[in-house]
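None of the figures in this text is laboratory data; all of them are computed from the coordinates on show. Since this is a predicted model, take the numbers as computed values, not measurements. In this analysis, Cβ positions are derived from the backbone assuming ideal geometry, glycine residues included, and neighbour counts consider all displayed protein chains.
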Amino acid sequence: MARSAAKPDARSKLLAAALSVIRTKGYSATTVDELCAAAGVTKGAFFHHFKTKDELGVAAADHWSETTGAMFAAAPYHQLADPLDRFLAYIDFRKALLQGGVPEFTCLVGTMVQETYETAPAIRDACDRSISRHAATLVADIEAAMAERGMTPTWTAQSLALHTQAVLQGAFILAKAKAKDKNAAGVAADSVDHLKRYLELLFGRTPSSIT
């Protein structure tokens, strides 16, 4: 019974399949049949758990948030004492994730929202929740770094946290556009390096040597 309880159910299999297939093919091009095949479940099982493909899309965005949220919460950059060091190490951590092919390192919610922001409001809102909540995890460190330096800018910590996500999502788009060059991860990494240099200058720190 313990072994049986540990096995993922059809819903979990479908969500895992969605993370892989949608990042590879895009949301619109992904069919229910393909998701079922990738998950190894029947079409009946799909519609038992999800009324529509869009309902699966919302659940996939939430699942992505839970999965990646746990990974970031356990990341080593949280152990650094200085808040600016933590923020910059977060950027380094994001760069370190740029491994493998485009579907392996790009963002599920970024991929879905580009296609569905007008046609599937529920998916759009789920993607917004995911991106915004992740950005919010950076706000406290940004505010602490600002306070330590006596900064009173016209911009807010929240806007800067969202800007970092905009740059990262843009890096993923460039990687997709350059995928045929077989250096997609390198293209994205260059954008992340520029982001880190900008943040160092913004906080009055001499930019580090980035290789």
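Put a dot 7 Å past the Cα of Asp9, heading toward its Cβ, do the same for Lys51, and the two dots end up 1.9 nm apart. Counting every other Cβ atom within 10 Å of each residue's Cβ, Arg23, Arg133 order from fewest to most as Arg133, Arg23.
Summing Lys and Arg as +1 and Asp and Glu as -1 over all other residues whose Cβ lies under 12 Å from the Cβ of Ile91 gives a net charge of 0. Pairs of alpha carbons in the stretch 65-176 separated by more than 26 Å make up 22% of all such pairs. Ordering Leu56, Leu80 from the fewest to the most neighbouring beta carbons within 10 Å gives Leu80, Leu56.
Reported to the nearest whole Å, the Cα centre-to-centre distance from the stretch 176-211 to the stretch 49-109 is 18. Angle of helix 83-96 to the longest C-alpha principal axis of the chain, folded into 0 to 90 degrees and rounded to 10: 40°.
Principal-axis analysis of the Cα atoms of the chain puts helix 53-73 at an angle of about 40° to the longest axis. Put in order of Cβ neighbour count within 10 Å, fewest first, the listed residues Asp9, Asp193 become Asp9, Asp193. Once the Kirkwood radius over Cα pairs is known for the chain, the Stokes-Einstein relation at 20 °C and 1.002 mPa s delivers a diffusion coefficient of 115 µm²/s.
The lysines whose alpha-carbon is closer than 28 Å to the alpha-carbon of Lys13, local same-chain residues fewer than 8 away aside, are Lys25, Lys43, Lys51, Lys53, Lys176.
Using Cα atoms only, what is the angle between the long axis of helix 157-177 and the major principal axis of the chain, expressed in degrees (0 to 90) to the nearest 10? Long axis of 157-177 versus the principal axis of the chain: about 60 degrees.
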